[in-house]
Every structure is written in structure tokens, then in C-alpha cells.
Amino acid sequence: MDNVGGITSASSLSSAGDAASYPSILHNYPLFSAILAFAIAQSTKIFTTRCKEGRWDAKQLIASGGMPSSHSATVTALAISVGLQDGFGGSIFATAAIFACIVMHDAFGVRLHAGKQAEVLNQIVYELPPEHPLAETRPLRELLGHTPLQVIAGGLLGFLTATIAYTIRIAGIHT
């Protein structure tokens, strides 16, 4: 196998025997944990909308904003999974952790304020006289970001998802 500096060349993966020794994407624990955390967070939004607004809203499965933050759940699960699998002292965990911090900060910072600005702009458009050229403008999406509580809840969900998936994975390896 051609392995130089920890990088395996494409030519060494060309034979069927070498390719079969690598785990499939279905066994990629960090990817699985991140996708699972995202799915749980998005599904949970249906129930939080039901409790808050008294109605079922299936659109929450693909909506941004709301409780909990699926962005936060996803990147936290990814970072924790990488740390548990490869160690918390490595550069891969550092990269995942910084990525998670940026995404989470953006969720309750820039995106939250953009949503508030959209709300103000929509109110201005609603108050325009009917003959104004912008009176028929389609409203901007207002629910773009998250409150700090929604981001924290998403982060906790991601942490729990990654640690539970890791525990199940380790139990499966040892049985």
C-alpha cells in the first residue's frame, strides 16, 4: 500500500481487497451521529411547535429556526463524535470544535439579527399604500436564527446523541 505521510494514494486503493478493508460510509460514526442529531432536532420541532402554538406543522421538518437548533445539534454531535473516536487532543477535533463554535455563534448572532431585520422590513412593506410598487412584494422569511436557549438545547442534544451513539457503538464492538 502506498502510504506517504499518513496519506494513502488512490493507486493503492484500486484493488478490490484494499477497498474492502475500509469501513463503508454507513460505519462512519461521526457522520452517523451528526445526521442522527439533525434528524432528532428537526423532528422535535414538530412537537415544540405543537406545544407552543397548539398545531401540528410538518413543515418544521425542513424549517430553519425554532427549538432546538438543528445546526447546533449537528455540529456538536460531529465535534464530540470526532473527539470520542479520534481523541480530543488532535487537530481533527480542534477543527470540528472551531467549526461548531462558528456555526453556533452564527445561529444566534448574525442569523437571529437578520430575522429581526426581516420582521421590520416586512412591517414597513405591509404599511405601504396599495399603489406603491413594493406593496405586493413577497414577505421575507423572519425565522432564520435561534435564541441562545435554542442553541444551547441543540448543543446538549448533539452532545447526548454523540455520547449515546458512542456507547452503543462500543457495546456492539465488545459483544
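At-a-glance table
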| read-out | value |
| --- | --- |
| Candidate set: region 40-91, residues that are without any contact (Cβ under 8 Å) to a residue 24 or more places away in the chain and of a type in the set (Lys, Arg); chosen: the one surrounded by the most Cβ atoms within 10 Å (Cβ to Cβ) | Arg50 |
| Wholly enclosed helices (runs of 4 or more DSSP H) of region 8-125 bearing at least 3 residues at pLDDT 90 or above | 29-53, 70-86, 91-108 |
| Pro139 being closer than 16 Å to Ala63 by Cβ, more than 16 Å from the chain's Cα centre (by Cα) and at pLDDT below 70 | yes |
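The values are calculated or read from the model by the stated rules, or taken from the named source; none is laboratory data. No experiment lies behind these values; they were computed from the predicted model shown. We place every Cβ from the backbone using ideal geometry, glycine too, and count neighbours over all the protein chains shown.
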